[in-house]
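Quick note: the coordinates plus some simple rules give every number you see, no bench work behind them. Since this is a predicted model, take the numbers as computed values, not measurements. Glycine also receives a Cβ, built like all others from the backbone with ideal geometry; neighbour counts cover every protein chain displayed.
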Amino acid sequence: MRVLRLTLALSLLAGPALIAQGRGGRGGGAEPPPPLNLPPDTPRITQLKDEAIREVDKLKDFSQQMVDQIFSYGELGFQEVETSRYLINVLKKHGFRVEEGVAGIPTAFMATWGNGKPVIALGSDIDGIPQSSQKPGVAYRDPLVDGAPGHGEGHNSGQAVNITAAIVLKSIMEREKIPGTIRIWPGVAEELVGTKAYFIRAGLFKDVDVALFTHVGRNLSVSWGDGSGTGLVSVQYNFKGESAHAAGGPWRGKSALDAVELMNIGWNFRREHLPLSHRSHYVIKDGGDQPNVVPPTASVWYYFRQVTYPGVKEIWAIADKIAQGAALMTDTTLLPTRVLGSAWPRHFNRAVAEVTWANIQRVGLPEWSEADQTFARAVQKELGVNETGLTTRLGQLGGPVNPETNTGGGSDDIGDISWNVPTITLSYPSNIPGLPGHNWADAMAMATPIAHKGVTAGAKVQAMTLVDLLLKPEVIQASWDYFRNIQTRTVKYEPLIRTQDQPAIELNREIMAKYREQMRKYYFDPTKYKSLLEQLGIQYPTVRK
Ligand SMILES: [Zn+2]
């Protein structure tokens with residue numbers, strides 16, 4: 001029954017067109033539809049793309065420095081102070097006008113260069129992962145600063161992809177007098193899915209024609225249609241009780257911690273009866289002060305994930321009821337809940353994905369050195385996964401995930417942007433296959449030649465796709481046809497954030513305050529060293545003997 005209901009909801013949401021087109025990855029079996037009828041490259045476009053590839057190659061030291069610099073900052077979401085300042089300086093130096101602190105988020109910005117249509121917005125995330133500090137190029141656990149955050153996902157690399165591509169296009173546009181506007185923006189606090197819905201609310205994408213997003217991956221790839229993974233809402237539940245002497249008069253206390261524990265127990269029982277595609281997880285942010293004081297306050301922070309927007313709303317409502325039940329059981333008060341982040345399930349644009357895919361095939365994968373492969377295999381061995389090394393073959397153009405077989409997974413608040421403007425995510429090969437994600441191991445390659453080569457490959461694709469978008473109005477037209485007539489024909493975007501919710505800009509402040517001074521010693525200094533590996537005196541690759 002539950003499965004039936006879910007299927008029905010998904011059919012309504014996705015529309016018959018997408019289900020009929022289901023293919024690729026988890027779509028399973030179905031033949032890919034014929035490509036859209038998009039114009040081929042003219043000789044001039046081919047020439048400009050060749051030039052873009054050459055120019056990106058010439059900038060590879062510049063790209064590498066950006067990757068290493070941001071890696072060394074290792075900042076957590078909403079506290080990307082050094083990262084943001086650094087990027088703004090780089091962009092201003094290259095002629096971008098930068099609006100800082102957009103959408104009420106101190107580390108967010110919107111950088112603009114050029115004039116008129118089309119407006120292309122290039123974005124990528126910039127925040128790190130708690131407790132993932134790790135020496136790059138070392139194939140075993142070896143933190144730079146014990147307990148500190150780091151780039152245990154690889155968000156230190158995406159801005160280099162976009163900025164390198166934008167700088168190359170800028171000089172081509174100036175010389176060829178090509179009209180158009182390039183925007184560069186950071187995905188602030190993506191690990192908290194904390195900002196992109198606010199960017200939409202602030203109207204930052206209102207005049208944007210196409211959003212080109214990019215994210216670190218293990219291959220050079222792109223997809224269109226319903227993405228894999230989930231949407232999510234991140235909610236904090238705060239309970240208020242009454243303190244008392246935990247031994248002298250426990251009957252006079254009302255434990256807010258009891259409410260948190262009972263909410264978690266309730267949720268963990270209810271889990272069994274939720275659709276299989278759901279995911280949820282929590283951490284206790286306040287569990288009281290000390291055992292002899294009945295906790296007067298306590299709070300628990302949940303992520304609720306589902307593969308559709310109505311699905312997210314449904315499990316969120318269940319959790320709200322369980323929280324009320326926990327308050328009833330303990331005679332405590334459930335305070336107004338706070339949404340700390342949100343993300344729509346992702347849906348990517350077909351026309352833009354198809355031109356990107358053509359460019360991916362032109363660029364191909366980087367040439368990995370023996371050192372790169374030795375390092376990758378050593379990391380895989382360390383983690384006890386298949387020692388396959390780095391990816392050496394391109395995959396295929398990804399198509400819509402079949403909602404009926406989507407078993408859930410991660411989220412990215414690029415989903416919110418993808419439901420407001422034609423969007424794709426270009427994945428570039430800067431990390432090692434088989435890693436756990438959100439872990440120190442995911443940081444190991446992120447300031448090594450593996451990350452650097454992956455970024456250069458990604459920047460070439462991004463630059464070529466910019467050429468397509470600037471010189472082929474038919475592609476922009478086709479992207480909006482798809483967006484209006486297929487993607488959003490039956491599904492209308494409604495934000496998960498409520499009117500009263502505001503960006504949770506105070507998150508991670510204390511963690512960064514605790515570690516920043518120790519981390520500062522390792523900030524990359526490109527005036528003295530060619531790479532962070534050189535600065536740290538790390539022999540690449542350093543593997544277990
Ligand atoms: Zn990410």
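The angle separating the long axis of helix 81-93 from the principal Cα axis of greatest extent in the chain is about 20 degrees.
Summing Cβ point charges (Lys, Arg +1; Asp, Glu -1) relative to the Cα centre of region 343-439 gives a dipole of roughly 200 debye.
Subtracting the Cα-Cα distance of residue 115 and residue 386 from their residue separation scaled by 0.36 nm leaves 92.6 nm.
Relative contact order of region 385-461: 32 percent, from C-alpha pairs under 8 Å at least 6 residues apart in sequence.
At q = 0.11, 0.20, 0.25 Å⁻¹, what is the base-10 log of I(q)/I(0) for region 164-230 according to the Debye formula with one equal point scatterer per Cα and no solvent? Please give it to two decimals. The calculated log intensity ratios at q = 0.11, 0.20, 0.25 Å⁻¹ are -0.40, -1.14, -1.29. Ranking 43, 69, 309 by how far each Cα lies toward the positive end of the dipole of the chain (charges on Cβ) leaves 43 at the top.
Figure legend: label point modelled 7 angstrom from the Cα of residue 529 along Cα→Cβ; residues of region 440-467 with amide N under 12 Å from it are 447-448.
Projecting the Cα atoms of 137, 108, 399 onto the charge dipole of the chain, computed from C-beta unit charges around the Cα centre, puts 399 farthest toward the positive end.
Among rounded, prolate and oblate, which fits region 457-530 when a ≥ b ≥ c are the square roots of the eigenvalues of its C-alpha gyration tensor, a/c under 1.5 means rounded, and a/b larger than b/c means prolate? Since a/c reaches 1.5 but b/c is at least a/b, the shape of region 457-530 is classed as oblate. Going through the cross-link list 381/521; 93/135; 49/177; 60/117; 92/196, which pairs have a Cα-Cα distance over 21 Å in this structure? Exceeds cut-off: 381/521; 93/135; 60/117; 92/196. Only the Cβ atoms of Lys and Arg (+1) and of Asp and Glu (-1) were treated as charged; on that basis the dipole of region 140-221 about its Cα centre amounts to roughly 300 debye. Assign one of three labels to region 418-513, namely rounded, prolate or oblate, based on the Cα gyration tensor with a ≥ b ≥ c the square roots of its eigenvalues; rounded applies when a/c is under 1.5, prolate when it is not and a/b is larger than b/c, and oblate otherwise. Judged from the Cα gyration tensor, region 418-513 comes out oblate (a/c at least 1.5, b/c at or above a/b). A straight line joining the Cα centroids of region 303-329 and region 36-54 runs 49 Å. Among 138-144, 286-292, 496-502, sorting by the average number of other beta carbon atoms lying within 10 angstrom of each residue, highest first, gives 138-144, 496-502, 286-292. Normalised by 2.2 N^0.38 Å, where N counts its residues, the alpha-carbon radius of gyration of region 197-284 equals 1.81. Sorted largest first, the principal axis extents computed over the alpha-carbon atoms of region 113-185 equal 51, 19, 13 Å.
Once the mean of 1/r is taken over each pair of separate Cα atoms and inverted, region 109-150 shows a Kirkwood hydrodynamic radius of 13.6 Å. Our Cα-only numbers for the chain put the radius of gyration and Dmax at 23.8, 86 Å.
Region 95-161 and region 221-279 have Cα centres spaced 30 Å apart.
For the peptides 177-185, 160-168, the ranking by packing is 160-168, 177-185, with the highest mean count of neighbouring Cβ atoms within 10 Å listed first.
DSSP loop (so not H, G, I, E, B), at most 13 other Cβ within 10 Å: list which trypsin sites (Lys or Arg not before Pro) in region 375-405 pass both filters. Hits after loop and neighbour filter: 393. Based on alpha carbons, the Rg and Dmax found for region 133-281 are 23.8, 82 Å. Evaluated with a Cβ-only charge set (Lys, Arg +1; Asp, Glu -1), the chain carries a dipole of roughly 420 debye about its Cα centre, given to the nearest 20. To the nearest ten degrees, helix 309-330 and the longest principal axis of the Cα atoms of the chain are 20 degrees apart. Scattering from region 246-344 was approximated by placing one identical point on each alpha carbon and applying the Debye formula without solvent; log10 I(q)/I(0) at 0.17, 0.20, 0.24 1/Å stands at -0.77, -0.99, -1.30.
Rounded to the nearest 0.05, the FRET efficiency derived from the C-beta distance between residue 333 and residue 520 at R0 = 51 Å is 0.75.
Amide H to amide H, with H built 1.01 Å from N, residue 217 comes under 5 Å of 428, 430, 431, counting only residues 5 or more places away or on other chains. For the chain, take the longest principal axis of its alpha carbons; what is the angle in degrees between that and the long axis of helix 60-73, to the nearest 10 within 0 to 90? Tilt relative to the chain: about 10 degrees. Cα centroid separation, region 348-376 to region 519-535: 28 Å. If R0 equals 35 Å, the separation of the Cβ atoms of residue 61 and residue 544 corresponds to a calculated FRET efficiency of about 0.70.
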